[in-house]
Amino acid sequence: MLHKNTLLCAALSAALLGGAAQTANAAVVTSLKPLGFIASAIADGVTPTDVLLPDGASEHDYSLRPSDVKRLQNADLVFWVGPDMEAFMAKSAQQIPADKRVTMAELDGVKTLLMKGADDDEHDHEGPSHEEEKSDEHHHHGDYNMHLWLSPEIARLSAVAIHDKLVEVMPQSRAKLDANLQAFEASLARADKQVGDELAPLKGKGYFVFHDAYGYFEKHYGLTPLGHFTVNPEIQPGAQRLHEIRTQLVEQKATCVFAEPQFRPAVVEAVARGTSVRMGTLDPLGISIKLGKESYPQFLAQLSNQYVSCLKGE
Ligand SMILES: [Zn+2]
């Protein structure tokens, strides 16, 4: 009995201590994995980085778990895109003091880089049974493309902002944070050059992507997408859109259609069936990549390889 009680006590105090340690411990919490790639490079060797969205979940329809809310509350720095992307944490983010929050969409220099999002899908959803149409989020989503982590330029601006905030929170680590930022910028510049070289020959090759996520990457590297199946991967593309895509595939305007690791919808295969188009995969969240100093450049390189492996040839 005594033994059992002692164990229980030990477990309890460990839990309490653990909780306290977590609060005291400096930590960066990011909403999505690619933001974790950027943050973990800057915080490397200084403080741990944690990502909310689990691998395989969608950035468009996640729900915070109670443990996520706690992680946000205990964080020393929260890094997210903004309410038009991660609607699932908009309320929790509001409760975080402004000096502990980096909002990608609101950073200096980012506003002028924002790209309009496609809202052409709206027409496909005007059926009477379409519930999503009532949601404001969906309409907001169409104003700008909020997949900002796919812009190497915005990634660099974000790294600077995270660096500056961390220096405020942990001035004693300034030297290490400065060195990390410098290393990140150098490594990003190298990856950017390499990806640019790899993708340059693919200019003019048409393709369709599953969801409208890649605009910043495509613009930056001069790729030539023909369109997307859907704006929000949770919403099935409409019949008219599918017909338009099918027509272009039959007319051999496209080399590839890209699905995603999380979304391999039958609809993409059905549209491509009987045409000569190839199927590829693009991973906009880098789910197989581990956080660390080189993870963001690795993410760019992986995405580049995914484009190349489907679009090259012929
Ligand atoms: Zn998306």
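In this structure, the amide hydrogen of Asp50, modeled 1.01 Å from its nitrogen in the peptide plane, lies closer than 5 angstrom to those of Val28, Val29, Thr30, counting only residues at least 5 positions away or on a different chain. 3J(HN,Hα) along region 285-291: 10, x, 4, 8, 8, 8, 4 Hz, from the Karplus curve 6.51 cos²θ - 1.76 cosθ + 1.60 with θ = phi - 60°, whole Hz, x for Gly and Pro.
Using 0.36 nm per residue and subtracting the Cα-Cα separation, the extra length available between Arg174 and Phe263 on full extension is 27.9 nm. Bridgeable lysines around Lys312 (alpha carbons under 23 Å apart, same-chain partners fewer than 8 residues away excluded): Lys193, Lys203, Lys205, Lys219, Lys253. Phi angles across region 303-312 convert, under the Karplus curve 6.51 cos²θ - 1.76 cosθ + 1.60 with θ = phi - 60°, into 3J(HN,Hα) values of 4, 4, 4, 5, 5, 4, 5, 9, 7, 6 Hz, Gly and Pro given as x. Computed from backbone phi with θ = phi - 60° and the Karplus coefficients 6.51, -1.76 and 1.60, the 3J(HN,Hα) list for region 42-55 is 6, 8, 3, x, 10, 7, x, 10, 10, 10, 6, 5, x, 4 Hz; x is used for glycine and proline.
For labels at Lys70 and Gln236 in the simple 7 Å Cα→Cβ model, what's the distance in nm? Placing both labels 7 Å beyond Cα along the Cβ direction yields 3.9 nm. Counting neighbouring Cβ atoms within 10 Å and putting the fewest first, the residues Arg156, Arg246 line up as Arg246, Arg156. Summarising the amide proton neighbourhood of Gly280: residues at separation of 5 or more, or on other chains, whose placed amide H is nearer than 5 Å comprise Val257, Phe258, Ala259.
Here, each number is a calculation from the coordinates, and none is a lab measurement. Everything numeric here is computed off the predicted structure, so don't read it as measured data. Note that we place each Cβ from the backbone using ideal geometry, even for glycine, and neighbour counts take in every protein chain shown.
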